[in-house]
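Trainee: Take this structure, written in C-alpha cells, and hold onto it; I'll ask about it next.
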Protein chains: 2
Amino acid sequence: MAIKTNVEKGILYGIGVGTGDAELISLKAVRIINECDVIILPTETKENCHAYNIAKEAVRNIDDKEIICKKFLMTKDERLLEESHRQIADDIEEYLNEDKKVGFLTIGDPSIYSTFAYVQEILLSRGRRVENISGIPSFCAAAARLGISLSSGSDEIHIISANHDIIGTSDYKGTRIYMKSGRKLDALISFLREEEKKRKLDIYVIANCGMENEKIWHGLTEEEIPTEYLTIVIVKA
Amino acid sequence: MAIKTNVEKGILYGIGVGTGDAELISLKAVRIINECDVIILPTETKENCHAYNIAKEAVRNIDDKEIICKKFLMTKDERLLEESHRQIADDIEEYLNEDKKVGFLTIGDPSIYSTFAYVQEILLSRGRRVENISGIPSFCAAAARLGISLSSGSDEIHIISANHDIIGTSDYKGTRIYMKSGRKLDALISFLREEEKKRKLDIYVIANCGMENEKIWHGLTEEEIPTEYLTIVIVKA
C-alpha cells in the first residue's frame, strides 16, 4: 500500500548557527534545535561538521536527538548534483511524513551559499513546510574580529564565491568579500597580488573565524593556509 | 586639573540586535547588554528606536541601565557630519573614562551601514577598547521571511545603499540588495521598473521585516510605503 503524503505534516528548519563563536547563535536557533526530533548535518561525520560543533556548545544535549549525516556531492556535473540534492530531499521528506521536526544545521546564514538552499527549494516546490532560522554570516563575524566596518555611507558590499570565476570582480567599488575559496585560495591570492601592483588595496585574510585555530592577516600572506580552513578575504579598494 | 585619560578603562560594544524578531538576537548580545552600565541609542527618543524596542523584548530590565539617546546628524555636509560624530565619540569617551561598559545598540549588524562604525573608528584611533557584537543583518532576516536563498553556486550578492547613486548597479550579476532607500524608495522603484521593461527580474520588496507591521511584495508595488519604514528590495536578475 502506498504511503499517502500529507504536506501539512512535519517541518524542516534551516538553522544558521553562525561561524565559530557558539555564543553568536540566536535565541531562536537554540529554541528550535531543542524542539527538533532530527538534526541533519551536511557532512560525512558529525565530528567533521563545524555547524554541529558550534551547536553542541550551545545545546549540550543535542546528541539526545537523532543525528543524520548527509554528505553533499561536490561536483560541477549539474545532473549528478541535482540527483544528489533530490535524494537528500527525499530522505528528509520521509521524516516529515512521520510528522517530525527536522533541523538542518548550516554554518553562517542558511540563505548565503548554503547547501540547505537546494533542499529548501525542492521541498517548498512539493508544498512542504520549510522555515529558515537566520544566523550570523561569516563575513559579519569576520568584521567583528577584525574591528572593521564593511560599509558606511555610500559604500557597496560585493559577496563573491571565489570558487568560481573572479575575473572582473576588481571592477567593483567599495568592499569585496571573497568566500568559499577552498582549493582556489592560491589563485585568489595571486589575483589580488596582481591587482595590488596597480593600486592600493586594504586586504584582510581571516581563516577559521571565531574558532580555536583562527588566523588573521592584514595584507596578503605568504603563509600556506590549509584548504579545509574556512577562509574569508575582505578587500577594500 | 586635567583629567588623565586611561585608555585601558571602560569598553564600548557595538551590539547588533537583528532586525525585528527579538528572538533572533544572539546569546552574546543578551549577555553583553546585561553586563553594560550604559546603553547608547542612535535616535532622538528611545520609543522611536527600533534597536531599543527589539533589545527590550530580549532583555526585560534594560531600563534599569542608564539609557542615553544620541541623535546622529543626517547631512551630506562632510564637515558637519565629522564634527557630529566626534562630539558623540567624546561623550561616549567620558563614560569610558569612568571605567563604564557602554553598549551602542544597532539594527542588524554593526559592521553594515551602521552609525556605530563612525564612533568605532574614532575611538579605536584614540586607543580605546571597542568590540563589535555581530547581529543578523536585515537582508538575511528578509530572505528567511521570504523563503528564498540569496546566493547559491556561483551567484554573487551585491549590497547597495539606495540612498546614493544606483546607476550602473543593474550591471551586477546575481542578487542585488538595496538597503537604506529612505526617501529615495520611489526613485529606486522607478529605476527597477525601467529595468524590468528590458529584461525579466525577480523582485521582492519587504518593509519593516520581522516587525508587527511588516509588509511583503513579490514584484514591484504601486502601494505607498512610508519613508520611515525600513525597506529592503531584493532583485534577482
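The values are calculated or read from the model by the stated rules, or taken from the named source; none is laboratory data. As the structure is a prediction and not an experimental result, all values here were calculated from the model. FYI the Cβ positions are ideal-geometry reconstructions off the backbone, even for glycines, and counts take in every protein chain you see.
Trainee: Just checking, which of A:ILE160, A:ILE177, A:ILE203, A:ILE189 is touching an Asp or Glu at 6+ places or on another chain (Cβ under 7 Å), crowded, with 20+ Cβ neighbours inside 10 Å and closer than 23 Å to A:PRO226 by Cβ? Lay out the reasoning, then the answer.
Mentor: On the way: A:ILE177 fails: touching an Asp or Glu at 6+ places or on another chain (Cβ under 7 Å); A:ILE203 fails: touching an Asp or Glu at 6+ places or on another chain (Cβ under 7 Å); A:ILE189 fails: touching an Asp or Glu at 6+ places or on another chain (Cβ under 7 Å).
Unique residue meeting the criteria: A:ILE160.
Trainee: Mind listing just one residue for me: the one in the range B:11-20 that is modelled with pLDDT of 95 or more and crowded, with 22+ Cβ neighbours inside 10 Å and, of those, farthest from B:VAL119 (Cα to Cα)? Steps first, answer last, please.
Mentor: Step one: list which residues in the range B:11-20 are modelled with pLDDT of 95 or more, which gives B:11-17.
Of the ones still in play, those that are also crowded, with 22+ Cβ neighbours inside 10 Å are B:12-17.
Details: B:LEU12: 10, B:TYR13: 11, B:GLY14: 9, B:ILE15: 13, B:GLY16: 15, B:VAL17: 18 Å.
The qualifying residue farthest from B:VAL119 (Cα to Cα) is B:VAL17.
Trainee: Can I ask one more? Among the residues in the range B:24-36, are any buried (at least 21 other Cβ atoms within 10 Å of the Cβ), among the small types (Gly, Ala, Ser) and touching an Asp or Glu at 6+ places or on another chain (Cβ under 7 Å)?
Mentor: The answer is yes, given that some residue of the range B:24-36 is buried (at least 21 other Cβ atoms within 10 Å of the Cβ), among the small types (Gly, Ala, Ser) and touching an Asp or Glu at 6+ places or on another chain (Cβ under 7 Å).
Trainee: Take the range A:14-61 and flag every residue that is within 14 Å of another protein chain (Cβ to nearest Cβ), β-branched (Val, Ile, Thr), over 25 Å from A:THR231 (Cβ atoms) and in contact with a helix residue (DSSP H, G or I) (Cβ under 8 Å, 6 or more places away or on another chain).
Mentor: Correct list: A:VAL30, A:ILE33, A:VAL59.
Trainee: Consider A:ASP165 carefully, then state whether it is farther than 17 Å from B:TYR118 by Cβ and either of a type in the set (Asp, Glu) or surrounded by fewer than 19 Cβ atoms within 10 Å (Cβ to Cβ) (or both). Steps first, please.
Mentor: On the way: farther than 17 Å from B:TYR118 by Cβ: yes; either of a type in the set (Asp, Glu) or surrounded by fewer than 19 Cβ atoms within 10 Å (Cβ to Cβ) (or both): yes.
Yes.
Trainee: Can A:GLU156 be described as over 30 Å from A:LYS200 (Cα atoms) and facing another protein chain (nearest Cβ under 8 Å)?
Mentor: Details: over 30 Å from A:LYS200 (Cα atoms): no; facing another protein chain (nearest Cβ under 8 Å): yes.
No.
Trainee: Please enumerate the residues belonging to the range B:170-184 that are at the interface with another protein chain (Cβ under 10 Å from one of its Cβ atoms) and either more than 24 Å from A:ILE166 (Cβ to Cβ) or free of Cβ contacts under 8 Å to residues at least 12 places away in the same chain (or both).
Mentor: Of everything in the range B:170-184, those that are at the interface with another protein chain (Cβ under 10 Å from one of its Cβ atoms) and either more than 24 Å from A:ILE166 (Cβ to Cβ) or free of Cβ contacts under 8 Å to residues at least 12 places away in the same chain (or both) turn out to be B:ASP171, B:MET179, B:LYS180.
Trainee: Continuing with this model, one more query. Can you work out which of the residues in the range A:74-107 that are of a type in the set (S, T, N, Q) and out of contact with any helix residue (DSSP H, G or I) (no Cβ under 8 Å at 6 or more places or on another chain) is nearest to A:LEU12 (Cα to Cα)?
Mentor: Within the range A:74-107, the first condition is being of a type in the set (S, T, N, Q), and the residues that meet it are A:75, A:84, A:87, A:97, A:106.
Of the ones still in play, those that are also out of contact with any helix residue (DSSP H, G or I) (no Cβ under 8 Å at 6 or more places or on another chain) are A:84, A:87, A:97.
Numbers: A:SER84: 18, A:GLN87: 16, A:ASN97: 11 Å.
Only one residue fits best here, namely A:ASN97.
Trainee: Still on this model: Among the residues that make up the range A:142-153, is at least one of them over 30 Å from B:TYR13 (Cβ atoms), facing chain B (nearest Cβ under 9 Å) and surrounded by fewer than 19 Cβ atoms within 10 Å (Cβ to Cβ)? Full working, then the answer.
Mentor: In the first step, residues of the range A:142-153 are kept if they are over 30 Å from B:TYR13 (Cβ atoms); the result is none.
Looking for residues that are over 30 Å from B:TYR13 (Cβ atoms), facing chain B (nearest Cβ under 9 Å) and surrounded by fewer than 19 Cβ atoms within 10 Å (Cβ to Cβ), one finds none in the range A:142-153, hence no.
Trainee: Among the listed residues B:ILE167, B:ILE206, which satisfies the condition of being within 24 Å of A:SER152 (Cβ to Cβ), more than 12 Å from chain A (Cβ to nearest Cβ) and modelled with pLDDT of 95 or more? Spell out how you get there, then give the answer.
Mentor: Details: B:ILE167 fails: modelled with pLDDT of 95 or more.
Within the list B:ILE167, B:ILE206, the selection yields B:ILE206.
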